[in-house]
Amino acid sequence: MSELFLTTKDQIADSHTLSVYRSKLQGYAGLERALTMTRDEVVDQVKKSNLRGRGGAGFPTGMKWSFMPKEPKHPDGSPKPKYLVCNADEGEPGTFKDRLLLNRYPHRLIEGMAIAAHAIGASRGWIYVRGEFYQEIVILKKALEEAYAQGFLGKNIMGKGFDFELSIYRGAGAYICGEETALLNSLEGKRGEPRLKPPFPAMVGAFGMPTCVNNVETFCSVVGILRDGPEAFAKVGTERSGGTRLFCVSGHVEKPGVYELPLNITLRDLISHCGGVKDGKKLKAVIPGGASAPMLSAEEIDVAMDFDSLMKAGTMAGSGGVIVMDETVCIVEAAARLLKFYEHESCGQCSQCREGSHWLARLFHRIETGHGDTKDLDTIARLCSNMAGQTICAFADAVTGPALSSLKKFRKEFEAHITGGCCPLKKPGQKAPHFLEHHDHVAL
Amino acid sequence: MTAEAPAQPTITIDGRVVPFLPGDTIMKAAEKAALDGTIPRFCYHPGLPVAGTCRMCTVEVEKAPKLMTSCSTPCTDGMIVHTQSDKVKKSREGVMEFLLANHPLDCPVCDQAGECSLQNYNYEYGPRTSEFQEQKRTWSKSTTKKLSDKLTLNMNRCIHCERCVRFTDDVTKTHELTMLNRGWKKELVSAEDLGVVSEYQGNIADICPVGAITFNDFRFQKRVWFLKPRPTLCDGCSKGCAVWADEEKDTIYRYRARRNDEVNGHWICDSGRVSFHTYENPNRIVEPLLKVNNHLIATNWETLAPSFVKELQRAARIILVIGTDATLEEMKEILTLKSLVRNAVFDVRFYNGTSGVHTSADDKAIDDVLRRLDQTSNTKGAESLGLTPLSQNGQGSASSAYDLAIYFRGGRAGIPLKLATKEFGWGVFSKDEVQRFDGVLPGLATVEKSGSYINAAGNTQKFVAAVKAKGSSASVTRILEGLFVVARREADLGVN
């Protein structure tokens, strides 16, 4: 097996404590080395590692950091502070890697953020944590206290004259707050709705200041790159996507869980790495990168899991959430369930997304319950084409991921629902569990 | 010749080259070139911050992979914009289809019908039918919800453009309105359910592009397609806001704000908005009145004019009080009344009558948006003519006991306390204001006359009549003409 940058083969007890992190995981050695370098040198190291953002979009991290203005100034000439934000609002269905990192390696996140703060010149940082991660927040809080006490945060970090204040901000339960500008609005105490871009956060971010937002796993990956140099990281993975990433494998596999694997692993290998499809059943479909990633059919799994290969295959690497579905799964039901999620989570500011996610969810629900019409299938395609790429953020595109891919690749199943007047995989009268009470309350 | 100025940057909109200033958005540049009629919009409003959420104003920009919202995309030199390409039209059709999916389509009972962006844009850009088969979303508790005494909300019609929310956030800064919940359940509510309280609520109904928020004063008063908008000025205070008086058959049904960036921007206050009721008041005196046997009775000009001239020529001490709501032209003209007077003392004063306002020096803004303390429209005008103010309490000086007082006003200025043994009102009055007078010469209200006011900022603003005069009320010019004719005739006949 290849080198591990984020996890260890065998679990180390109490890895969340500063003492274990220091003694067994070379804790804060990356920061120590980073503080001997200039800002540009740190950014350069990250660029050389080919690290791409692990939040979903896969944007090259070094490049993102280099977009931060060097010496931003207020109109009156006084210097503007720069901010650093960690996106720990892990909400993408099928994704649970940041949670593991927060649980086991909170200090690695803190270290990674301190390195990033040094690289971009940020004076203040926030970790925006999904509100439901209560246990993780408790652990993270403890870690922050330890880091402050030991001089890894606060004033004059490690005696190198570098100041960085870091605090935790709890989200209040909205998927959209994982979108970086909605997150910034939420951080400012406003409605969690994505902002119009430009201006981008690097120019106008949190509280109007230049801000860099990165994912938990991205920050954690930075630590090893700075500690051991970028070469080892870049060597793993593909030419344009360096390193390993955490794959969250769920659904019908023998051993679901979080796996740290190089980015060039194929989906087929990943599934067999997890013990193959559960109970030896036949594979039907896989969502390779969290709910928003278009589904792949069983024939399409010989694809590498890096950002570019998956994009070429018409889907995306996204957040690394791999949802495996075997032959017993009704794709219409699965897609309908995902669309119900999107209907619930659309922030509702853009017309197409607010109305379209709602319409699609109900359309899929109708088809799943056997009340569909062949004409509906054309409507799905048309609605999706009117949503994708038309809104402020990528949410509307995400909605069309499962809707279009399921229809395109499993059209026969949709047609079977329509012609048969019921789901062919269910007993007469049986309802999908999540439809039991749904949509009976259209009047608000 | 100066050195050659750097060429102004331009963009091309539908083949027309349009200049822009740095920072202008495509929409702004289009507006300046009067091309914005080709760009439909719901959430964009020139008086509000850009939201960019309705996605109706998207246009195709060459070399940009996606459609761009014209309200938020800054112009760059050489940019080529298409507002009517197939891609743009498809997108607009899509937005319309989405917005109408859950819209009740209750146009026959909707008071916005006829001036509804949703109706107009769907006619122009939308699909002719809908594939929406699902049950419509409805807000059963907010179908006819009182947002305040002035506003009614029908949430089912809302298209979530949030102009109203941005208006209370950024214009009045009163923050009463907000969206509750998320996505398709997003509902407009007033914060803490306390209702809207600002003095500018009518604007919210004005800017609501659909029939979700309507202004109670106008709601169900008139189908808008019968109304003709006439430009005029609000005379409710010294600000001098530009308004549209929407009339049918010379009856005004509402005022709406008329854009004037120098004075009121896009807005007017609520008291100004309903001020036209002063002129539409059924108790307004629109026929000449004369006191007979201690009763004011309606008469005609032929009867009133000789009596009034007689009083003028009989009196030894006369005071003419000009309200600060008269136009400059009226003020100048009415001063010629003096030539009808024989050897009498003829004092002229102006009178404001707003509590706390004696001259324009006492006037001040009473909020951060528009409203001013002086409740009349032309105090600065009266001062510009060199008139002197009536003493502060509205009483004549103790030394001067008059035997005839003439109070001329446009309907807003105060009426002084009794200044003379005989009193005549001239201008716009309501029944309860004239009981102590010996006669009334009904005059014209702002909407019925042409003229000019000088507002608090010192701007002279001209306006023309929006509607015809009511009843027998007449302009100062015509009344004076009549009075002179009568005086000449009586002189010829040797009366007196």
Counting only residues that are surrounded by fewer than 24 Cβ atoms within 10 Å (Cβ to Cβ) and either among the aliphatic types (A, V, I, L, M) or under 14 Å from residue A:294 (Cβ atoms) (or both), region A:335-347 contains a total of 0
Identify, from the list A:377, A:363, the residue that is closer than 23 Å to residue A:92 by Cα and either aliphatic (A, V, I, L, M) or within 14 Å of another protein chain (Cβ to nearest Cβ) (or both). A:363
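Looking at region A:409-420, is at least one residue within 14 Å of chain B (Cβ to nearest Cβ), without any contact (Cβ under 8 Å) to a residue 60 or more places away in the chain and more than 30 Å from residue B:143 (Cβ to Cβ)?
Narrowing region A:409-420 to residues within 14 Å of chain B (Cβ to nearest Cβ): A:418.
Checking the rest, the ones that are also without any contact (Cβ under 8 Å) to a residue 60 or more places away in the chain come to A:418.
Retained after the next criterion (residues that are more than 30 Å from residue B:143 (Cβ to Cβ)): A:418.
Yes, that holds for at least one residue.
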Which of the residues spanning region A:349-360 are assigned to a helix (DSSP H, G or I) and facing chain B (nearest Cβ under 9 Å)? A:351, A:352, A:353, A:354, A:355, A:356, A:357, A:358, A:359
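Out of A:363, A:425, report the one residue that is in contact (Cβ under 8 Å) with a residue 60 or more places away in the chain and either surrounded by 24 or more Cβ atoms within 10 Å (Cβ to Cβ) or not assigned by TED's automatic domain parsing to the domain that holds residue A:89 (or both).
Just one listed residue meets the conditions, A:425.
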Mind listing whichever residues of region B:118-133 are hydroxyl-bearing (Ser, Thr, Tyr), touching a helix residue (DSSP H, G or I) at 6+ places or on another chain (Cβ under 7 Å) and assigned to a helix (DSSP H, G or I)? B:121, B:125
Note: among B:48, B:100, just one is surrounded by 14 or more Cβ atoms within 10 Å (Cβ to Cβ), touching a helix residue (DSSP H, G or I) at 6+ places or on another chain (Cβ under 7 Å), within 30 Å of residue A:348 (Cα to Cα) and away from chain A (no Cβ under 12 Å), namely B:48
Look at residue B:178 and say whether it is within 14 Å of another protein chain (Cβ to nearest Cβ), β-branched (Val, Ile, Thr) and within 24 Å of residue B:368 (Cα to Cα). yes
Looking at (1) under 28 Å from residue B:296 (Cα atoms); (2) of a type outside the set (A, V, I, L, M); (3) part of a strand (DSSP E or B), find the lone condition where residue B:432 falls short. (3)
Considering residues of region A:270-328 that are crowded, with 24+ Cβ neighbours inside 10 Å and among the polar types (S, T, N, Q) only, the residue farthest from residue A:413 (Cα to Cα): A:319
Looking only at region B:58-71, and only at residues there that are within 19 Å of residue A:199 (Cβ to Cβ) and under 34 Å from the mean Cα position of the chain (by Cα), the one that is farthest from the other protein chains (Cβ to nearest Cβ): B:70
Among strands (runs of 3 or more DSSP E) entirely inside region B:273-336, those with 1 or more residues being in contact with a Phe, Trp or Tyr (Cβ under 6 Å, 6 or more places away or on another chain) are B:317-323
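Here's the yes/no breakdown for (1) out of contact with any helix residue (DSSP H, G or I) (no Cβ under 9 Å at 6 or more places or on another chain); (2) under 30 Å from residue B:248 (Cβ atoms):
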| position | (1), (2) |
| --- | --- |
| B:418 | yes, no |
| B:436 | yes, no |
| B:453 | no, yes |
| B:462 | yes, yes |
| B:481 | yes, no |
Total residues in region A:340-357, condition more than 20 Å from the chain's Cα centre (by Cα) and either of a type in the set (Gly, Ala, Ser) or modelled with pLDDT under 95 (or both): 4
Is it true that some residue in region B:183-197 is within 20 Å of residue B:410 (Cβ to Cβ) and away from every other protein chain (no Cβ under 14 Å)? no
So which residues in region B:141-195 are part of a helix (DSSP H, G or I), among the acidic types (Asp, Glu) and at pLDDT 95 or above, if there are any at all? B:169, B:170
Give the residue, chosen from B:383, B:333, that is charged (D, E, K, R), under 30 Å from residue B:265 (Cβ atoms), over 20 Å from the mean Cα position of the chain (by Cα) and at pLDDT 95 or above. B:383
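Could you run through region B:303-330 and say how many residues are under 27 Å from residue B:447 (Cβ atoms) and over 30 Å from the mean Cα position of the chain (by Cα)?
Selection size over region B:303-330: 3.
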Hey, can you tell me all the residues within region B:69-87 that are surrounded by fewer than 21 Cβ atoms within 10 Å (Cβ to Cβ) and either free of Cβ contacts under 8 Å to residues at least 40 places away in the same chain or part of a helix (DSSP H, G or I) (or both)? B:85, B:86, B:87
Tally of residues being under 13 Å from residue B:188 (Cα atoms) and in contact (Cβ under 8 Å) with a residue 40 or more places away in the chain across region B:130-150: 4
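The values are calculated or read from the model by the stated rules, or taken from the named source; none is laboratory data. As the structure is a prediction and not an experimental result, all values here were calculated from the model. Note that each Cβ is placed from the backbone with ideal geometry, even for glycine, and that neighbours are counted across all protein chains shown.
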